[in-house]
Every structure is written in structure tokens, then in C-alpha cells.
Amino acid sequence: MSRRLEWPLLLVLVPVLCNAVWLWPELLGMPSQADTAFHGLMIEQASAALADGRSPVDFWIPQLEFGFPQFLYYQHLPHLFVVAMHRVLGGSVELLSVFHGVRWLLLVAFPLTVYWSARQLDWSPREAAVAAAASSLISGDARFGFEYNSYIWRGFGLYTQLWAMHLSFFAVALLSRVLKTGNGYLSATLCLAALALSQLLYAYMIAVTAVLVLLVHGGPRAWAVRGVRLAMLGLVSLSLSAYMIIPFLTQQAYLSTFPVLPGASGGFSAISAGLFSSSILDHGRWPVLSVLFVLSLVVALPLALRHADVKARRALLGVVVWAVLCFGARSNGAGSLMLGMYGADVSFRFIGALELFAILLIGLGGGWLWQQVERLVHRMIVPNTSAMSWRAALPALPGAVVLLIILIPALRERRAFYASNARWIHQTQTALREDTDLHSVLTSLSALAGEGVYAGRAYAGRPNDFGGTMRVGPVLRVADVVKARSLPALVPPYQGLSLNTEMAWQFSDASAAQFDLFDVRYAIVPHDAQVPTFFTPFLQTNSYGVYRVATRGFTSWITAEDRRPARTQTRLLRENVAWLKSEAAEQRSFIRWDYPADGASVAAVTSPPSACVQRGQSTDAYVGRDSIVSDVRCDAAGVLLFKTSYHPNWRVTANGVPVHTFMVSPSFLAAEIPSGAQRVIAIYRVTPGKHALLGLGLFVLAVLVVARDRLDAPARWLERRVAAQDG
């Protein structure tokens, strides 16, 4: 790309500036019912882990789904970036303000990313400008794609996908350069590793796309050389991200997965219906981008077929392949290519890759239209000049105006959409400020759960019960505000990654035994709600009632006479739900699970009941972020329950001696404790080998920086061999 300013970039600045203004309310950082709150919590916990000297890449988050090691399974580079920026700024800007500032910048700058990437892919300035101008104007039907509803406050809050959206364009551009020229290994591998650490699914999609880029032109001999380059890129980038990917795969049994559900019928009809639906690009408005997309198909097809145009072939092949994987593969299982990693059909998320190539294709068609207008005006204004003057450049301006006029309906629809987003944000801000009763409730609960103090979980209902009626503003629920305060709570899960995810939905607020099981000590209900008799008034306001419920604490003695194997999560979930609905929880009779069971564990067994359920004592001394301390006493050996999700990374000692841990219903942690007075300490440990893999990645990065000019040596050797054979 030329070092001089390319004036078609001015067209790109229109949506950039519009988005900067229209999305300004995102910087207010209001509590959200979307995943934005979930990402904010992870950022806060990562910052706390770093401040405490714990590993910021593998730690326990007690607020999530009864406790879960989120960073062991979830891409976390975008979160750690915010933590790093907060420290670079010396803490002068509040941590979550940095988070929302990063979100806003990524939303605003996306068209610039598309422009730069398209230029690297040899799109002309006009083609790149049209693609970039259209990129942030997509209006999808809540498809989790590149439309901004996936990211903003009123939408889904997909923060890591926001990073992946940028990195995907960068990756395609940098990959193409390496495969074509053998230059730029360092930037390409860093981009691919960052993508894997930001969004694993998008890294997978770009890996598939890389094969398409490799095959888009040339013959088998050219493919062989490019294949060596691609293998080198893959090997190095995987080395950089192995510290997350390998533990993710080896510990996957403790990540909640879902069975593959039958999708819509595949075939050509499903693909064409999805591909040519206006709801992909222009849901609820004039189909301006859809018209440009169809025009682009008409323009690109002859170029790809008759003239072997690489740009057209690349864009068309990407659109076709990802349309097939997104819309046409669900019924035959081909859309479940990520099954081994996610355990579910994720083909609906392939819409992101389809939109990536649709954006690039729109650039080709829009650039062609721009060129036609320019030629027409050129013949009218400067028919006989070849000099590069202002009169020669002037005909290009009407083309830009025509494209801008075409995009105006999309800009107007986006303005209205963001206006409603801003209105809801301001209404929520006002409602939170004026709801003094809620402020009193949260202040009281926060005082109970101060720094280093655990006071039990809170409960503010679910969306399908009274929790759905306790609202603050147009969409926010009280439970969302409780989550935003980072209070330990039984709340509907954000993503459902823990094996205990379903328990939040199965919880019965009419059962004292279940309050004890999940250590829910405080219930927030409407002020006039009818409550069970075991509720004790704690705080009453004009709008809310807060009640205390007696529990045995975070740890308690149980009996685990029933021991069963579980080879699959389906059986584990089904039997745990049945157990929860029985009287077993009230009797403190738990199922001891051998999970994941191997082939030898096929029969259920029973063991003698423990006397500690009646005679044992347990007192919580400390419940922290990744450690639990309890003083217990029993004149016999027994089983101690920790009311947090089971994971093999927990290590438990009794008076300093390691004891055996295992899973009990409902996927909670338990340990065998010897008789007598014991100080029991449970500590979450970093996954074995994770830090070693991180060190290996840093070493590979150092080698990459030093030897980046020699990484193409194998490909060039093969290229010389191919040339010699041809000679």
C-alpha cells in the first residue's frame, strides 16, 4: 500500500466518525444483562489474581456457576490486555473504564482494519474503501456475527469475538502475504496466536480459510511450497498458544458440553435461502448491502471464471465454502467440525467467516460501480486530458458520492438502532441512580461480603420467575446488578461452562435443603412477595425484601454411600437433576461419581454411611478466591462437602496431610477427612504443565524474533527443487 494518503479513505471515515458519536454511551459502562458483565468480572478477577501473585492465566473464579476456572477453558488475551493497559496507565483510569474504552475503540476502528486488510490483499483503494465503509453497517437478525448487536450494551456483549473480528481480517491479509511471498512470518504468527488466544472458534475458521487461500490459484507445485509455509505458520503459532489449547483439551471432561442438535435440512435450498436472505446483511431495513452483494456476485463471477482474477476467486470461494458450512451442513454433521473441541454444533457461528468474505466481495462490486461512475463523469468533464491534475481527479468524486448515497439507508438505520441503545443506557443509568432501595440492599450485602470475607451466596430470582419482574430500567434485572457487583450469587449462568450450569435453573427457592446445598444465605424478593416460612427478615425497603436463610456453611459433612460411574456428561447431568429433585439433598445423602469413568468402572457400589453427618462439626474459617479453610471435627472418618464445582486441580489437605478428593452430586467437590480435629485447606492449583507451556511459547517467540528471516528457508529450498525439476 502506498505511503501517501489514499483519498478514498475519506469514505471510510464517514462510518468511523458516525460510530464514534453514536456509540459514545458505551463508555458509561452501565451494568449489563449481556456477556459484557461476564467479561468485566473476568477482567476484575484476572487483575486481582495478578495483584495477589497468583497465575493470571489459570485461577478459580468463585462467582461463576458455583466456581469455575474460566481462564483454563476460555480465551483470555483480550482480558489480560485490559489488565495490562490499566497498569500501563498507572491505575489512573478505573479498570472497567479501560475495558469499556477498549471496546469502544475496537467498535469505532473496525472499518479501518477492513481497509488496511483489503489493501494488503491487493484490493484497490476504491474497492477497499467500499468494503470498509460497509463493514460496520451490517444489520443481521441476531446471528452472533459481525453486526454490532453482537457487541453493544443492548446486544450480546461478545467481547472476545470483537477482538476476533479485527484479528480475522488481519490474519487473512498477513497469511496471504506469507503464502505468496514468504515474507512477514513474525507478524502473521503473532496475529494467528493472538487470534487463538482471543477466540478459538475464529482461529479454527481462519485455519480453514488459510487452506482456501493456499488453493485459490496456482498448481500442485505452487501448493507444495505454500503448504510448507502454512505448516510453518501453524507450527509456530500453535507453539505460542499451546499453553491454553493443550490444557483446554486435556481437561475438557470438566467443561460443560451439549449434544449435537439436529439442525435445519441441508442441501442447495438451505444454502441459497441463507446466502440470499436479506436478513444476513440488511435485517429490518432496505436491502442496500444485499443489493451490493448481488451486484458483486455478478461482477466477480466472470472475472473469476474467464479472467482467473485471484481477488474475485478468493472472495467467491470464501463466500461459497462458508455458506455451505454455515447453512448447508447441519443435517449431515459437517457443521460439527469443532465437535472435538466444543462438543456441540457450532455451525451457526460460521456466519462470521461468511460475513468476512461477503464484506470483501462487496468491496469488489462497489469498486466496480465506483469505476463505472468515474469513467462516465471522466468522459463528460475531461474527455481529452491525460494529465494528473485536479480536473483529472475530479471524476472520482461523484463515484464516492454515489456510494455514500447508496449507504445512507444503512447509516440511518444504524443511527436509529444506536439511538435506542443509548436511550436504554441512559434510562438504566437514571433508574439505578433513583433506586435508593436497591442501593441500600446492595450496600448491606457488600458490607457482609467485604474484602476477604465470605457471607454466603445471594439469590435474586431467575428470568422465568419473580427475578424477571424485578427490573431496573427497561431491560436490566436486579440479578444483573447483583452480578455486576461481583457478589457471590446463585444466578443464571452467562455461558454455561461449568458442569453445574443446569443447577442454577433447577434450583427451587421453596426448598430449605437446596438453599443449604448451594449455601444461598440471602434472598432478594419483591417487597410484597409471599416467602417460605424458613426465610428470616433481614432488610425491608419499599421495593424489596431481603431475607436470611440458615445454612450449614460453605463446607458440611455428608454421606456418600452411593457410588456410581459416569462415562458421559449426559448421564451425569440427568442423574444429578433427578437427585436434586429427590429428598436425598435434604437427607445429605450424596452420589459419589467416578467421572469420567473408564472402561473398567461399570458397576455402582455402596459404602457404609458416615456418622459425621450426625456427630461431625464444621466451621468455615476462610473462603477466598481460590482457597477454602475449614475447621472440622468428627470422631470417625467422613466425607466433607465443599459447595463449589469439582475440578481435579483442587488439592485438599487435613492438618497438612493430602487427602483424596472426588466428585459428588451435583458435580461438587468432596474429600475424605480422617477422624479427629482437622484444619482442612483446599487450594486450586494451576493445571500441571501450563506454565511450562507458557515458558515454551515465550522461548519460541524469542527464537522467532531472532530467526524470522530464516523461517522461509524450507519453502525456498523446495521452490528451488521444483524449479530445477521444471528446468
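The values are calculated or read from the model by the stated rules, or taken from the named source; none is laboratory data. These numbers were taken from a predicted model, which means no experiment stands behind them. Cβ sites come from the backbone with ideal geometry, for glycine too, and all protein chains shown count toward neighbours. What goes into the accessible areas is simple: the full protein's heavy atoms, side chains included, and nothing from ligands, DNA or RNA. Shrake-Rupley method; radii C 1.70, N 1.55, O 1.52, S 1.80 Å.
Inside the stretch 430-472, can you point out the residues that are open to solvent by 60 Å² or more (accessible area, probe 1.4 Å) and either over 20 Å from Leu490 (Cβ atoms) or in a helix (DSSP H, G or I) (or both)? Break it down into steps so the answer makes sense when it comes.
At the first step, the residues of the stretch 430-472 found to be open to solvent by 60 Å² or more (accessible area, probe 1.4 Å) are 433-434, 436, 439, 443, 447, 451, 453, 464, 469, 471.
The answer is Arg433, Glu434, Thr436, His439, Thr443, Ala447, Glu451.
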Selection from the stretch 139-179 of residues open to solvent by less than 10 Å² (accessible area, probe 1.4 Å) and of a type in the set (D, E, K, R) yields Glu147
Subset of the stretch 670-692, residues open to solvent by 30 Å² or more (accessible area, probe 1.4 Å) and touching a Ser or Thr at 6+ places or on another chain (Cβ under 9 Å), comes to Glu672, Arg679, Ile681, Ile683, Val686, Gly689, His691
Across the stretch 284-301, the tally of residues that are modelled with pLDDT under 90, of a type outside the set (D, E, K, R) and closer than 20 Å to Arg143 by Cβ stands at 1
The strands (runs of 3 or more DSSP E) lying wholly within the stretch 561-653 that contain at least 1 residues that are modelled with pLDDT under 90 and surrounded by fewer than 15 Cβ atoms within 10 Å (Cβ to Cβ) are 617-623
Pairing a residue in the stretch 304-315 that is over 20 Å from Leu179 (Cα atoms) and in contact (Cβ under 8 Å) with a residue 24 or more places away in the chain with any residue that is buried (at least 17 other Cβ atoms within 10 Å of the Cβ) and of a type in the set (Gly, Ala, Ser), where Cβ atoms lie under 6 Å and the two sit 6 or more apart in sequence or on different chains, gives none
For Leu105, the lone unmet condition from (1) more than 21 Å from Val14 (Cα to Cα); (2) open to solvent by 30 Å² or more (accessible area, probe 1.4 Å) is (1)
So, first residue basic (Lys, Arg) in the stretch 629-640, second residue open to solvent by 30 Å² or more (accessible area, probe 1.4 Å), Cβ within less than 6 Å, six or more apart or across chains; the pairs are Arg633/Gln617; Arg633/Ala677
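Per-residue answers, yes or no, for (1) in contact with a Gly (Cβ under 7 Å, 6 or more places away or on another chain); (2) closer than 17 Å to Ala489 by Cβ:
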residue: Asn19; (1), (2): no, no
residue: Trp24; (1), (2): no, no
residue: Leu27; (1), (2): yes, no
residue: Ser32; (1), (2): yes, yes
residue: Ala48; (1), (2): no, no
residue: Asp52; (1), (2): no, no
residue: Asp58; (1), (2): no, no
residue: Pro62; (1), (2): no, yes
residue: His79; (1), (2): no, no
Looking across the stretch 490-522 at residues that are open to solvent by less than 10 Å² (accessible area, probe 1.4 Å) and either outside any helix (DSSP H, G or I) or basic (Lys, Arg) (or both), the single one that is farthest from Tyr454 (Cα to Cα) is Gly496
With criteria (1) of a type outside the set (A, V, I, L, M); (2) open to solvent by less than 20 Å² (accessible area, probe 1.4 Å); (3) modelled with pLDDT under 85, Arg306 comes up short on (2)
Within the stretch 81-102, residues touching a residue at least 24 places away in the same chain (Cβ under 8 Å), in contact with a Gly (Cβ under 8 Å, 6 or more places away or on another chain) and surrounded by fewer than 23 Cβ atoms within 10 Å (Cβ to Cβ) come out as Leu96, Ser97, His100
Within the stretch 537-560, the count of residues that are touching a strand residue (DSSP E or B) at 6+ places or on another chain (Cβ under 6 Å), outside any strand (DSSP E or B) and touching a residue at least 60 places away in the same chain (Cβ under 8 Å) comes to 3
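Take Asp528 and tell me if it is of a type in the set (Asp, Glu) and surrounded by fewer than 16 Cβ atoms within 10 Å (Cβ to Cβ).
Values: of a type in the set (Asp, Glu): yes; surrounded by fewer than 16 Cβ atoms within 10 Å (Cβ to Cβ): yes.
Here the answer is yes, as Asp528 does meet what is asked.
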When every residue in the stretch 539-555 that is under 35 Å from the mean Cα position of the chain (by Cα), under 18 Å from Phe642 (Cα atoms) and not β-branched (Val, Ile, Thr) is compared, the one surrounded by the most Cβ atoms within 10 Å (Cβ to Cβ) is Phe554
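Determine, yes or no, whether Ala707 is more than 32 Å from the chain's Cα centre (by Cα), of a type in the set (A, V, I, L, M, F, W, C) and part of a helix (DSSP H, G or I). Break it down into steps so the answer makes sense when it comes.
Working: more than 32 Å from the chain's Cα centre (by Cα): yes; of a type in the set (A, V, I, L, M, F, W, C): yes; part of a helix (DSSP H, G or I): yes.
Answer is yes for this residue.
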